[in-house]
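The values are calculated or read from the model by the stated rules, or taken from the named source; none is laboratory data. Just so it is clear, the model here is predicted, and its values are computed rather than measured. Cβ sites come from the backbone with ideal geometry, for glycine too, and all protein chains shown count toward neighbours. The protein model used for the area step is the full one, side chains on, heavy atoms only, and it has no ligands, DNA or RNA in it. Shrake-Rupley method; radii C 1.70, N 1.55, O 1.52, S 1.80 Å.
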Amino acid sequence: MTPDLPIQATSFVGRITELETVQALLGKRRLVTLVGSGGCGKTRLALEVAATHAERFEDGVWFVDFSPLTAGEQVTRMVANVLSIKGDAEKPLVESVLDSLGSSRRLLLLDNCEHLLDACAKFAGAVLSHCPNVFLLATSRELLSVRGETMFRVPSLSVPELHAQSAADVMKTGSGRLFLERAEQQQIDFAIDDDNAAAVAEICSRLDGIPLAIELAAAQVRTLSLTEIQDSLNDCFSILTSGERAALPRQRTILATIEWSANRLNAEQRQLLHRLSVFTGGFTLAAVDAVCGDGSPQLAGLLALADKNLVLARESGKGERRRLLETVRQFAQMHLTRDGEDQTILQRHRDYFQQMASDARPEKHQDTAGWLSRLSADRNNLRGAIEWSLAQPDGLEGALRMAADLGWYWYQEGLVLEGCGLLSAGLAKPLEGVTPNTRLDALYTLAWLLNSMGKSEEAACRFKEMAALALEAEDRLHEAEAMNGLGLAAYHHDYELARSYFEEALELNRLLPDGGSSVANLNNLCLLCLSVGDYDEAHRYGEQTVQLARQKGRFEVESVGLFLLAVNAEAMGKTERASELFEEAEKLQRKHGLRQRLLHTLILQADHCMDTEDAPAALHMYREAHDMCMELRASTVEHQVLCGLGACLAVRGRFGESRQHLVRGLELCKTVDDRGHLARALEDVSVFMLANGAPESAAQLLGGAWKLREDHPGRIHPCVLRRFERLSIPVMDAIGVSQFDRLHEEGCRMSPLRAIGFALTCLADQPISS
């Protein structure tokens, strides 16, 4: 029998998995209710399920739309009208409907039940009790709460990554395809390409993949550019207003859709919804209790909001976190301001996350991995709390305190630019009223982050500012930290100056009762001694670092100490011991989620494996390091990973992939000021050239690398000499010693930039061997 369903003017986009899931549920359950927020596409999904299930129901599939009804007593009459049941004056209409349905095999699609829940529930219960072969598929913003009901929560459409750059990435998602189809209806030549993909991705992501919101946004392409649509989403209700004229008022705009649901809340529930708008990126129950609760638990209120699909009960893969859809959050934020509660709740929000940042400092706990996870989940809340504090007349102390506490997190998660931006903004303000301790911590954190980015001159200026302030305040701990920081900044260009700063810091720390930051000084002295080739002294400082770090529970410093001991052992030719120490450092970093440290360990481990001719292990480590480098946006080491990976692939005969990685790595090398890293990159290209049948070019590249190492301020380690010999011997065997010497000398005469240019030319001109 032909299903009695409305004809759809547009195609069904995405949701194949959801379609199959609901189809399977209807095969086992007689009442399936599709629930979800307004505009999420419940009706469209239900219609598609019904249309594809028609053959199962020989007596028909019938669509009953309750949206025009205003009273519960109209529900049965609407069903009777759709089924053409006239009724009997001698008995109630519901009995006539049930008698007519009888033992027939039908599917009734009951659409838009949320505003008539009691009546719809009563009717559904009667059908389930009296009509054994009648199946019900309902749509509602809330459950009917009928015995035998099965809920399917309709999710939003899949969305692109917020910063997706390619059309292919956008078109893989349901929201991207929906945006394209609806935009084409307004502008027939509209297309998603690599130039506008990022804009479409942001629109779809910020609208949480809600079909109605995306359709309304796409409708604007007839009058607005994509950039204008993006900008309008800061006040989404100003743009998402062009619904179909034939739709009911509560279904025409996102604002009307949300308002209709919010109007069904009691006063306490509305207040909670409004207060939840201060959270960005989600929240935990503990955070809601602290920020929104006025001292009372809020679980019941959250559950009520979740039942009405105004709060997403749980995000997939995020445990007990909850969140508001962005459109709902903007609606609630607007009402929070109208209520006059915004400043009070925002201050509570700031206080809660300021305490979280303080509790997360590494010296206060033994759960680094757990805290990194919690801070990452609340990254948007933490940043928002700092930004709000910076905008308050009396908020600077709290903003700088919080930013200083989060420095370690920003470093480990590759968010250095974010941290530097917030700290710089705070320190640029008038600092009267900010306590010296907070100002010193903020200066140290900013300088340390700058130095980690390779901006040693800027870092040194901040460390000097910090040293002067610490001296004035007679704060020996911060003075020692400033001296240690100045040593780190000087390390990039002057080892003797760096040593003097490190030793001065160590003397200051030894005068403090708990040794201050001695563990960091010892670690940096280990690094310095290793760089100048004083391996016995480096080993002594490294052992002291590890021992003291273990006593203090400083896992990160312990892992760095193990890492430096591994590099030192490798320099001394103790390859087995180096492997053991690398593995110990890696294990500790993985256990505690120290991804930034792990990245450096993986790079050096992979280099070590290449030097010991274990290419399979090196390839595995380089690939993991490459993925981590992209996640952490670790631009300062990306060239090392790309060039190392390129050399490893060349050894394995994968020249096309190898050349691609080497070219990208060399382009990044143009901005690198570390001659040791540049030398290694040229050596990596020489591996490609030799393996691909161009030993003459390999000889010149090895000469260029050797010159860079000679000009480097540190000592050329024995392991580097062994590597040079290992790379040079097969080149000499291929072209002869005299020609090797001549070409090597030509390479030595190249400047760093000329050497990089030569390497790029070699890669471009060299045909790939089959």
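General remarks:
- Screening Glu710 against (1) at pLDDT below 90; (2) within 31 Å of the chain's Cα centre (by Cα); (3) open to solvent by 10 Å² or more (accessible area, probe 1.4 Å) leaves a single unmet condition, (2).
- Restricted to region 16-88, the set of helices (runs of 4 or more DSSP H) holding at least 3 residues that are free of Cβ contacts under 8 Å to residues at least 60 places away in the same chain, open to solvent by 40 Å² or more (accessible area, probe 1.4 Å) and of a type outside the set (S, T, N, Q) comprises 16-26.
- Single match in Val687, Val672, Val637, Val663 (criterion: open to solvent by 10 Å² or more (accessible area, probe 1.4 Å), under 17 Å from Ala606 (Cβ atoms) and among the aliphatic types (A, V, I, L, M)): Val687
- Cβ-Cβ under 9 Å pairs, at least 6 apart or on other chains, region 375-386 side touching a residue at least 60 places away in the same chain (Cβ under 8 Å), far side in a helix (DSSP H, G or I) and of a type in the set (Gly, Ala, Ser): Asp378/Ala287; Asn381/Ala287
- Residue match in region 150-166 (condition: more than 30 Å from Leu31 (Cβ to Cβ), in contact with a Cys (Cβ under 7 Å, 6 or more places away or on another chain) and modelled with pLDDT under 85): yes
- Selection from region 181-210 of residues that are surrounded by 19 or more Cβ atoms within 10 Å (Cβ to Cβ), touching an Asp or Glu at 6+ places or on another chain (Cβ under 6 Å) and at negative phi: Arg182
This table checks each residue for (1) of a type in the set (Asp, Glu); (2) modelled with pLDDT of 95 or more; (3) surrounded by 24 or more Cβ atoms within 10 Å (Cβ to Cβ).
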site: Asp514; (1), (2), (3): yes, no, no
site: Ser518; (1), (2), (3): no, no, no
site: Leu522; (1), (2), (3): no, no, yes
site: Cys529; (1), (2), (3): no, no, no
site: Gln544; (1), (2), (3): no, no, no
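- Against the list (1) more than 21 Å from Asn523 (Cα to Cα); (2) at pLDDT below 90, the condition Phe555 fails is (1).
- Residues (within 24 Å of the chain's Cα centre (by Cα), modelled with pLDDT under 80 and either over 26 Å from Leu207 (Cβ atoms) or among the basic types (Lys, Arg) (or both)) located in region 303-361: Arg314, Lys318
- Some residue of region 255-278 being at pLDDT below 85, under 20 Å from Ile210 (Cα atoms), open to solvent by 30 Å² or more (accessible area, probe 1.4 Å) and among the charged types (D, E, K, R): yes
- The set of residues from region 609-634 being more than 18 Å from Phe582 (Cβ to Cβ), in a helix (DSSP H, G or I) and open to solvent by 60 Å² or more (accessible area, probe 1.4 Å) comprises Asp627, Met630, Glu631.
- Any hit, region 399-417, residues being under 21 Å from the mean Cα position of the chain (by Cα), surrounded by fewer than 15 Cβ atoms within 10 Å (Cβ to Cβ) and assigned to a helix (DSSP H, G or I): yes
- Here Leu415 passes the criteria (1) modelled with pLDDT of 95 or more; (2) closer than 20 Å to Glu631 by Cα except the one numbered (1).
- Counting only residues that are open to solvent by less than 40 Å² (accessible area, probe 1.4 Å) and hydroxyl-bearing (Ser, Thr, Tyr), region 376-398 holds 1 of them.
- Some residue of region 129-149 being assigned to a helix (DSSP H, G or I), in contact with a strand residue (DSSP E or B) (Cβ under 6 Å, 6 or more places away or on another chain) and open to solvent by 10 Å² or more (accessible area, probe 1.4 Å): no
- Single unsatisfied condition, Asp441 versus (1) buried (at least 20 other Cβ atoms within 10 Å of the Cβ); (2) of a type in the set (Asp, Glu); (3) farther than 20 Å from Glu465 by Cβ: (3)
- Every pair of residues 6+ apart whose Cβ atoms lie under 7 Å, when the first sits in region 103-121 and is within 19 Å of Glu73 (Cβ to Cβ) and free of Cβ contacts under 8 Å to residues at least 60 places away in the same chain while the second is open to solvent by 10 Å² or more (accessible area, probe 1.4 Å) and polar (S, T, N, Q): Ala121/Ser145
- Among residues of region 211-240 that are farther than 18 Å from Ser175 by Cα and open to solvent by 30 Å² or more (accessible area, probe 1.4 Å), those with a Cβ under 7 angstrom from a residue that is modelled with pLDDT of 80 or more and not small (Gly, Ala, Ser), sequence gap 6+ or separate chain, pair up as Arg222/Gln187.
- Matching residues in region 621-637 - criterion: being modelled with pLDDT of 85 or more, of a type outside the set (A, V, I, L, M) and in contact with a helix residue (DSSP H, G or I) (Cβ under 8 Å, 6 or more places away or on another chain): Tyr622, Arg623, Glu624, His626, Cys629
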